[in-house]
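The values are calculated or read from the model by the stated rules, or taken from the named source; none is laboratory data. Note that the structure is a prediction, hence the values are computed from the model and not measured. For neighbour counting, all protein chains shown are included, and Cβ atoms are generated from backbone atoms with ideal geometry for every residue, glycine included.
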Amino acid sequence: MERVLLRIEDMAKGILSPNKILELLYILTTYKIMVDFKKEEEYLREPHIITNYIQNIDIKKLEKNPYFSELIYQLEPLEIYNLVSKLDIDNQEDFIKEIIYYLDDLDFSKDIARGNYKAVTEKFYAIQNWIFNKYSRFNEMASTPDIINALLKNILNVKETETLLDPCIGTGKLALEVGENAKQIIGQEINSLSYEIIKINMLIANKDNTKIFMGDSLLENKFKEADVIISNNPFGLRLNRYDNIPLEYLKWGEPSKSGMDLHFLSLILYYMKDRGAIISPEGILFKSGKDGEVRKNIIEENLIEAVISLPTGIFDYTGIATSILILNKNKKDNKILMIDTKEMFEKIRGGVTISDEKIKEIIDIFHSKKEVKNISKLMPLEVLSENEYILTVSRYIIPEMEEEKIDLKELSKEVNVIDYEIENLKKEINKLIEKI
């Protein structure tokens, strides 16, 4: 599939700007999925909500009328005006005819015919990641790493009776993965382009019971409480537009102006009915002053269940040290589980990786709340209070080097061998001296 996209990209160079090329590739991938669903519509094994949006889809009509205006008309039910508004170039006919020719190799119909909609979604996300990682404009839309998605999905275990909210939903991959079984997925997004992309992503993933809002979650949250809340919010966000505005969710105190990370944490806790998670820079774990006071109040209310320290390199777009805070309003003890995952990852070119077995080990440690040497430790709230409520995992889990066991008998043998060799060398040297 990448070969097809590269070919279309090459064709578009010199005709569209780089960012518009990537938007075009995303739109064309979406269009081709809709074309393939239209082709298989009468034979679908399972219903799919995309069939409510394909009434205008007609690739033969686009061949006869090869203009972007026709493509935009066929996609009109999606209401993705920001994505398609500036797709207008000269000499469109030849360009679009070539695109249609190459789109035929972008095939989703086999998976659709088999009812394997998950495979369609996975292929779509693979293409999407390739697109988003290619040009700088899409860096802000970089999705949460699959490793973190897998961890949170199995740690939070969202049930079919529960609602899931992501106040910084982005393109939705984290919410879709963690909330796979959720009764409803709710989200809010400030970026207008991401807002349109998340709508398409929910559609392709066959999620019909969703509520996605446009707006700034910190200033104008349009959502209500949810059973489970997750967030991979922008790191180190600093905005003065929040100054001097009373925000009801800051019930644990007013954080400093050095960043908005504690605003997001407070927002999640305020609207969270049961449990949740936030991926955040480690600064919120140890900062003092106003931030330290907010952290103290949250800890004393016993709202943090675990802190999972992540290695640098887990995110493609930043080297900032990050951790996952697992939140819970119904804890059964007064301890916080510290988990250090850094040594469980392996460095690879361009980042880090971890085996499925290690991911399962982290999940097992969390659910069993067991202490593992050099990896996990349960910290009572009293101990945390003695440490200024600092939550940095490395403060409490200090790797212990295993002492090498020495076999004295074996060592004695080695010493005897060395002594024997030394004696032989001395004899050889003495013989040489005598000859001189």
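Here are the numbers for the structure shown:
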item: Residues that are touching a helix residue (DSSP H, G or I) at 6+ places or on another chain (Cβ under 9 Å) and of a type in the set (Gly, Ala, Ser), drawn from the range 299-331; result: Ala306, Ser309, Ala321, Ser323
item: Enumeration of residues in the range 216-256 that are surrounded by fewer than 21 Cβ atoms within 10 Å (Cβ to Cβ), modelled with pLDDT of 90 or more and more than 18 Å from Glu293 (Cα to Cα); result: Asp216, Lys222, Phe223, Lys224, Glu225, Asp227
item: Condition met for Asp208 (at pLDDT below 95 and out of contact with any Asp or Glu (no Cβ under 8 Å at 6 or more places or on another chain)); result: yes
item: The range 257-316 - residue that is assigned to a loop (DSSP other than H, G, I, E, B) and under 18 Å from the mean Cα position of the chain (by Cα) and, of those, surrounded by the most Cβ atoms within 10 Å (Cβ to Cβ); result: Leu310
item: Pair list, Cβ under 8 Å, 6 or more apart: the range 331-346 residue crowded, with 19+ Cβ neighbours inside 10 Å, other residue in a loop (DSSP other than H, G, I, E, B) and among the polar types (S, T, N, Q); result: Asp340/Asn374
item: Members of the range 136-180 that are among the polar types (S, T, N, Q), at pLDDT 95 or above and in a loop (DSSP other than H, G, I, E, B); result: Asn157, Thr161
item: Candidates Ile363, Ile390, Ile397 - the one that is touching a strand residue (DSSP E or B) at 6+ places or on another chain (Cβ under 6 Å) and farther than 19 Å from Phe315 by Cα; result: Ile397
item: Residue check, Ile230 outside any loop (DSSP other than H, G, I, E, B) and within 16 Å of Leu325 (Cα to Cα); result: yes
item: Matching option when the condition is surrounded by 16 or more Cβ atoms within 10 Å (Cβ to Cβ) and outside any helix (DSSP H, G or I), among Leu106, Leu71; result: Leu106
